[in-house]
Amino acid sequence: MTKVLTAVIPEPGATVELREVAEPELEENSALLVVELSEVCGTDVHLQRGRLAGVPYPLVPGHVSVGRLEKIRGRLFDVEGRELREGDRVTFLDVHRTCNACWHCLVAKATTRCPARKVYGITYGLSDTLAGGWAEKIYLKPATRCIPLEGVDAETFMAGGCALPTALHAIERARIPLGATVLVLGSGPVGLSAIILSLTSGALKVLCTGAPDARLEAARAVGAHATLNVEAHTESERAEWVLSHTSGRGADVVFEAAGAASAVVEAMRYARDAGTVVVVGQYTDHGEVAFNPHLDLNRKHLDVRGCWGSDFSHFYRGAQLMADPARREPWSRLRLERFNLAQANDALDSVASGRVVKALIDPRG
Ligand SMILES: [Zn+2]
Ligand SMILES: [Zn+2]
């Protein structure tokens, strides 16, 4: 029996361990993907610490990955009807089983809230199958949406990784006016992709607050005009800094990609009157926070929007951007750090502390 090496979170709060598991039998219209690269993101840190509900441990993390189709049973097609072949380099939408039959899918048109939805590396555990990228191979179940990656290497694509569709969805929610001043709270991968995509969408100036300094340097490298270290400045200093860069009015659009509950209130305070706030950083429950509905929201005539997950359209358009050499260039300025499966715990620590800008998992490393 062929064995596959995986890195597994056995239970909430436990360190990652290596396990060898049997290579799964393929069902009709499924495939086996040899992983070239996966990644470590903030979600994986939450998963290891047990801060997400409904996770079936033991779990192989790694929800966005790139690899080559090693074996296909039956036939697989991409969204444009082209048949996929063994040997093709692909990525795949980590979201699986969105039903297109429920109230959320058909009436609300909010497929990211579909109750049937499963996510590789997050809500599919090891008992389901080999469903995470921190492994030599991933089993692509029937109806997994693959996207061929032609003309872009695995590393460049993964420099965007899961942050790219997330940020793309947030940008879609924001409807940035041409020539706008955008403020991004947070300098992690989602914040960095939001900076790049804001500029692509016609923002004239992008400001970014975050930490540590290495990530703010990355923010400037991808196009932020000015950055501020949140750890070195008080909230009133931060507010003053935003006003000094926005003619005293606040930013036209503010993205909250920081994660702390208090960042949502700050985002509202840093937006101009009749501006827009998109909340994209609250992936786990960080508790409650107080705000003044009159001063912080209604009198400002603010538009505050949540943004949950991403769907195939965001993933597909992200892949299209990455296939274009000029469009993907800003991501190539990000410093990437590779870890092999045995170094997964180091990789998690590096992401949790913000020491690395972007951590990749190379199962063959
Ligand atoms: Zn992620
Ligand atoms: Zn549904």
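The values are calculated or read from the model by the stated rules, or taken from the named source; none is laboratory data. It should be emphasised that the depicted structure is a prediction, and the values quoted were computed from it without experimental measurement. Cβ placement follows ideal geometry from the backbone for every residue including glycine, while neighbour counts extend to all protein chains displayed. Side chains included, ligands, DNA and RNA excluded: accessible areas come from the protein's heavy atoms. Shrake-Rupley method; radii C 1.70, N 1.55, O 1.52, S 1.80 Å.
Descriptive notes on the structure:
- Residues satisfying the stated conditions in region 247-262, i.e. within 15 Å of D296 (Cβ to Cβ) and surrounded by fewer than 24 Cβ atoms within 10 Å (Cβ to Cβ): G250, A261, S262
- Residue in region 33-43 that is farther than 30 Å from A352 by Cα and more than 16 Å from ligand 1 (Cβ to nearest atom) present: no
- In region 122-159, the residue that is farthest from T2 (Cα to Cα) out of those that are within 16 Å of ligand 1 (Cβ to nearest atom), assigned to a loop (DSSP other than H, G, I, E, B) and in contact with a helix residue (DSSP H, G or I) (Cβ under 8 Å, 6 or more places away or on another chain) is I122.
- Listed by position, the helices (runs of 4 or more DSSP H) enclosed by region 262-365 that each have at least 1 residues that are under 20 Å from D153 (Cβ atoms) and in contact (Cβ under 8 Å) with a residue 60 or more places away in the chain are 312-322, 325-328.
- Whichever residue in region 351-365 is farther than 15 Å from T6 by Cβ and under 17 Å from the mean Cα position of the chain (by Cα) and, among such residues, is surrounded by the fewest Cβ atoms within 10 Å (Cβ to Cβ): A352
- D94 meets all of the listed conditions (1) loosely packed, with under 15 Cβ neighbours inside 10 Å; (2) closer than 19 Å to K137 by Cα but one, namely (1).
- Scan of region 106-121 for residues that are more than 16 Å from ligand 1 (Cβ to nearest atom), crowded, with 19+ Cβ neighbours inside 10 Å and not polar (S, T, N, Q), ordered by number: C114
- In region 72-91, the qualifying residues are those that are assigned to a strand (DSSP E or B) and either more than 22 Å from the chain's Cα centre (by Cα) or not charged (D, E, K, R) (or both), and the one that is surrounded by the most Cβ atoms within 10 Å (Cβ to Cβ) is T91.
- The listed residue being among the polar types (S, T, N, Q), assigned to a loop (DSSP other than H, G, I, E, B) and open to solvent by less than 10 Å² (accessible area, probe 1.4 Å), out of S187, S198, S193: S187
- Single residue of L178, L164, L130 found to be open to solvent by 10 Å² or more (accessible area, probe 1.4 Å), more than 16 Å from ligand 2 (Cβ to nearest atom) and either in contact with a Gly (Cβ under 8 Å, 6 or more places away or on another chain) or more than 30 Å from A274 (Cα to Cα) (or both): L178
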